Structures are given as C-alpha cells and as structure tokens.
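Okay, so here's the structure we're looking at.
The values are calculated or read from the model by the stated rules, or taken from the named source; none is laboratory data. Everything numeric here is computed off the predicted structure, so don't read it as measured data. Every residue, glycine as well, gets a Cβ built from its backbone with ideal geometry; the counts of neighbours run over all protein chains shown. Each accessible area value is taken on the protein alone, full model and side chains, heavy atoms only, with ligands, DNA and RNA left out. Shrake-Rupley method; radii C 1.70, N 1.55, O 1.52, S 1.80 Å.
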Amino acid sequence: QLKKVPDEQVVQLPGVQGAHPAGKVKAAAEQIMEKAKKCAEKAETRIKDWLTECQWHGKARRQIDDAARIGSGIVKGPIPKLKKHYAWRDENGVQSLAIQEEIKPVTDVVDYWNLFPDYPACGESIHNGSFVWERGEITKKTLQDLRGQEGYFDSQIELCLSEGPHRFEVEQGDQEEAKSLYEIWWFHGALDRDDMIAAGCDCSSFDEKYISIPASLEIVNGKIIKAALNILDKGSFPYDILTWRRRPGMPWGQGISRQIRPAQQAITACFRALMENAGLSAKPMLAVLRRYLTPTDGTWDLFGGKVFEVDDDADMREAKNAITSIQIESRQQELLAIIQFNKQLAEDITGQPMLLQGQQGKAPDTVGGMTILNSNASVTRRRIARQFDDQVIEPGITRYYDYLMQYGEDEEEKGLFIVDARSSSVLVERDIQNKNMIQLLGASVNPAYGADPRKAYAETCKAMKIDPKRLQYDDAKWEEMQSNAQKTPPDPRIQVAQLNADADAKIEAARQQFDGQQAELDRNNKIALEMINERISSTELSAVERETLMKLKTQLAMWAGDKTQEQDFELAAHKVDIH
C-alpha cells in the first residue's frame, strides 16, 4: 500500500510511535527486505554445499528406487559426522600434507528393514510417534574407534568388546559372518530428565516444567554406550520416509511390485499353463489295440521307424484301424491374450506404461497423439514429485535449516526462513514442457509480450539440463557491453528481427482466427451433409426428391470448397499486408 503513497506524505504505521515520511519508510522497508534476501541466499548456499558434500543426490536416488520397489524409501539426516579434509601445502619448498577435521551434517540411506517407528500410534507419519528405533551392524574395529569420542562411555564399550557380539534375535543365513558383527541400536525419543542428568547430559537449556526431554541413545549388547540430547532443540526425528503410494493409517507405502501382484500371479499361472499346453500339443498321443498288433522289438516305446506286425489270427487286417492318434489342441493364442491383458492391467494399476520405459507400443505416432499420451502418462510422475517435496525435501531441509540456526558460525546466514518445497515438481514440469521452451524463447524477443529474453534463455537452458551461467557473460563484461551499446546505435539486424517477430506473431494470430472459422465451417458443412445423407437413405423419398437432395449435396460441397479457397486467399493477402 505504501507504493501508492507519495514519498513526501507523512504516514502513521501500526505499532510504531510517531509519523514518518512515506519515502523514508519505503527506503527502510527495502533495506530490510534486501538484507533478508541476502541472508536467505547465504543460508541456501550453505545448505546446498552440505548436501553436495555428503552426495545427497545419489542417496535420494537410492531412496526413490527403494520406494518404487518396496513402497518406502528412507533417508536419515542431518547427522553430525567428523569429516577429514586433505590438502598439500608448500612450506619453504617442502611439500606437506595438511589434515583438517571438521564436524558437518550429512545424510545417509537407511534400510527399510531396520527402522521401527512407534506404530500404530504414529499413524501415517513417524514424526507423530513418541520414538523411533533403528537397527544396524558395526565391526569390532568401528566399536573400538568410538572410545574417546565425545559423549561415549568408554567403560561400556570395553564391556561390549570383552563379551563379544550378542544378538537379541535368531539370525537366519550365514551364522559365522553374523558372529563377527555387533548389533547396534539407535533410539530417538523423549526420556526422563532425571535419567538424562544421571547420564551426564546438561539439561539446563530446557525449562523445569519439561519432565521428558528429547534424547538419543546408542545401544550395543543391551548396554548404552552413548546418551545425549537430540542434536536439534526441537527434538525432531532425523528420518524421512518417501512412500510410493500411501496406505491409510500406516507410515509405509505400497510399491510397484506389490501393486502388480494380482497381475503377476495371473501371468505366472498363464505362463505355466502355456508351457504345459505346449508340451502336450507338441507330441501326439496314440491309442493302440494290442490284440491286433505286435511290436517287432518287443517294446511299446514309440520312435521314428518303429515296425508293428499284424497278428495272423487277427480279424482286422488294416493296421491303421488298430492305431489312432489323439492330438491335443493348442491354446497358445488364448493364453497369450490373457498374458497380454494382465500386462496391460499392470500398467493401468501402477500408472507406469511401457511408453515411460522407452517402448511406444500401440501409442499413436502423430504429434497430437503423442502430446496427449505424454501429458496423461506424466500424472504419476507429478504425484511422486510432489510427494518427494512434501515428505522429504520440506522436512529434511527444514531440519538442515534448524541445524544451521543452532550450530552455524556465520550470523549473516541466519534468519526467519520458511522452506518452500517445489523443486522436484518444477523439474518434472520443466521436463514435460521442454518442447515449448524454444517457442517461448523466440517470442521473448518481441517487446509486445513484455518478456525478458535473458530469463527466457536461462529457463530454456535449465530445461535442457544446461547451466546458463556457463554460457553467459560475467557481470563486468556484461556491464561493459551495456555501456558500449548505449554509445552506439542499435544494430539494424536486431530491429529487423524484432519487426519479423512482431509480424510472425500477428500472422500466427490471424492463422488461428482463420483456422477457427474453417473449423466452424467444416462442422456446419458436416452436419448438413449428414442430414442430407440420412434423408437420402430414407425409403419414403420419391425419385424427384432424391435427385433434388443429390444436387443440393453437390452444391454444398462446391460451396464449401469455394469458401475454403476464398479464406486461403484472404489469409495470404493478410500476410502480405502485414509484411
């Protein structure tokens, strides 16, 4: 609202004492907004660096793969880990290796078999539960290396090492390999304040009214080797579950393999019946009257060139009447049709047609048909992208933001931010609309649209998975070119290009108008012809009436052709006028 007020006018702001000129208030507001924008950009860059360093993108791809196969993909983060950086330095001509250790937040993938939330109390989100357990395995060396680290109880670790690996459940499979690994459990949840104080944790940051405090434990052989407060003051669980298809009341999703189970069972049964039918129909069966025939080799096994003798006392001398072949009918076409039906059923259930897997199948090969097919097939991708934003990006990046606010050293990176998770869906939409970006780039040259060609070029590069910054001038070079362009007259080629773009836009608008008129003309002509054909097919017409309708039909076709030719001439003349 202040933008509508003149700068010299004095305004009174709610909650602020005294009146101030509108111009001064605008300047102060713009300064605050600019500072907040720079702060948000720095925070975004910091979090992006953390994600790149821990190879978050590769772990997210594995999470999506688990979600597609099983129905649930799990990642864990941020987790503080000790990172070592190696660098060679030159000191007085001597090369030395410098090792720098630093604690940074990372993200890891969690096996879906090893996570145990507070189900069924948590419902569809594990963050609504009271606790989360995670199971893992570590070697003896890894357990030994935990001694001396902050928060770990060395005495408990020594007891675990002296006892050897213990298991709480009977392991299936290779028992010898399992004996060399320790089973470790991570617990995240609320524990009593007195217990945490007894474990040596400083709980002074929490108000006395809080009886339970968010904590995390590490347990090996039933012994707590580490007890600490949750790394985030909010007490958030560091887990995010991506569900491929939600299941009501459950934190776990349903994957593609579970969705196609009915179709897969039907395909397996039909394929088994197909192979059995092929075996029976491939070789004919024989019915033999033994009292008339005697095999020369003394056995009744069949093979090529076998000889039978007709008995001398047989009352039937035709050997073919004593042997009858029974042919089992082949049902391959019917069974293959059932298999093909269930394959199509699997595509319909999952929303993943073969077209998305690089196989066109029976899809129409026209431009319009392919566009419609691609738009319909992308519905599942859009849904998964939005679920990834809602279930992984927003809560995960929010925890990274909380970690930055709590442990970040640069105060200029901290601010009151809100995570707007829309990156995944934007990438999917951009990939779908990639074919239209070239046309938008050409239209942005026309000043009538009010579009920025540089932004249109950047978006086109992003759609093609190319970083536009690698192709654009740097800031100093661009400012130099801008200053030189102001001193020199504009390039006539640019003016011609703008005029051509404007003319092409007008021609396109005229063409669309004429196409609409032509479509309306064709519809009316088609309706009239159908009415005439229906009338002609009537048996109640006389010969004169039928001849009259035929003449009318011929005149209507000639009139439609003349009208189309007239519109084509008019459109061509309009193009000439525009040029």
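Just check the range 17-131 against the gyration tensor rule for me: Cα atoms, a ≥ b ≥ c as the square roots of the eigenvalues, rounded for a/c under 1.5, and otherwise prolate or oblate depending on whether a/b exceeds b/c. If you can, show how the numbers build up before the last one.
Details: a/c = 2.92, a/b = 1.16, b/c = 2.51.
In terms of gyration-tensor shape, oblate.
Quick one: if you stick a label point 7 Å off each Cα along the C-beta vector at GLU8 and ALA505, how many nm between them?
3.9 nm
Test of understanding: what is the full-extension gain from SER96 to ALA448, defined as 0.36 nm times their sequence separation minus their Cα-Cα distance? All intermediate terms of the calculation are to be shown ahead of the outcome.
Values: separation 352, 0.36 × 352 = 126.72 nm, distance 6.24 nm.
Result for the pair: 120.5 nm of gain on full extension.
If each of ARG272 and HIS166 carries a label point 7 Å out from its Cα toward its Cβ, how far apart are those two points in nm?
4.6 nm
Mind jotting down the distance between the C-alpha centroids of the range 447-474 and the range 95-142, whole Å?
Using only Cα atoms to place each centre, the spacing works out to 40 Å.
If R0 is 25 Å, what FRET efficiency do you get for GLN498 and LEU471 from their C-beta distance, rounded to 0.05? Before the final figure, lay out each step's value.
On the way: r = 22 Å, r/R0 = 0.90.
Working from the Cβ atoms, E equals 0.65.
Expected output is a single nm value to one decimal: the length gained when fully extending between ARG247 and TYR86, i.e. 0.36 nm times separation in residues minus the C-alpha distance. What is it?
Working: separation 161, 0.36 × 161 = 57.96 nm, distance 4.68 nm.
Extra length available between ARG247 and TYR86 comes to 53.3 nm.
Could you report the accessible area of MET316 in Å², rounded to 10, computed with a 1.4 Å probe on the protein chains as they sit in the structure?
40 Å²
For an R0 of 56 angstrom, estimate the FRET efficiency from the Cβ-Cβ distance between GLU208 and GLN344 and round to the nearest 0.05. Don't jump to the answer; show the numbers that get you there.
Numbers: r = 65 Å, r/R0 = 1.16.
Efficiency computed from Cβ-Cβ geometry: 0.30.
Describe numerically, in nm with one decimal, the distance between label points set 7 Å from Cα along Cα→Cβ at ARG383 and at VAL307.
Between ARG383 and VAL307, the simple spin-label model gives 7.3 nm.
Sorted by mean Cβ packing within 10 Å, highest first, what order do the peptides 73-83, 113-123, 196-206 take? The partial results should precede the final answer.
On the way: 73-83: 18.7, 113-123: 15.1, 196-206: 13.2.
Descending mean neighbour count gives 73-83, 113-123, 196-206.
On full extension of the chain, what length is gained from MET405 through HIS20, given 0.36 nm per residue of separation minus the C-alpha to C-alpha distance? Numbers along the way, then the final one.
Values: separation 385, 0.36 × 385 = 138.60 nm, distance 3.41 nm.
Gain on extension, MET405 to HIS20, equals 135.2 nm.
For an R0 of 25 angstrom, estimate the FRET efficiency from the Cβ-Cβ distance between ILE326 and THR296 and round to the nearest 0.05. The partial results should precede the final answer.
On the way: r = 23 Å, r/R0 = 0.94.
Computed FRET efficiency for ILE326 and THR296 comes out at 0.60.
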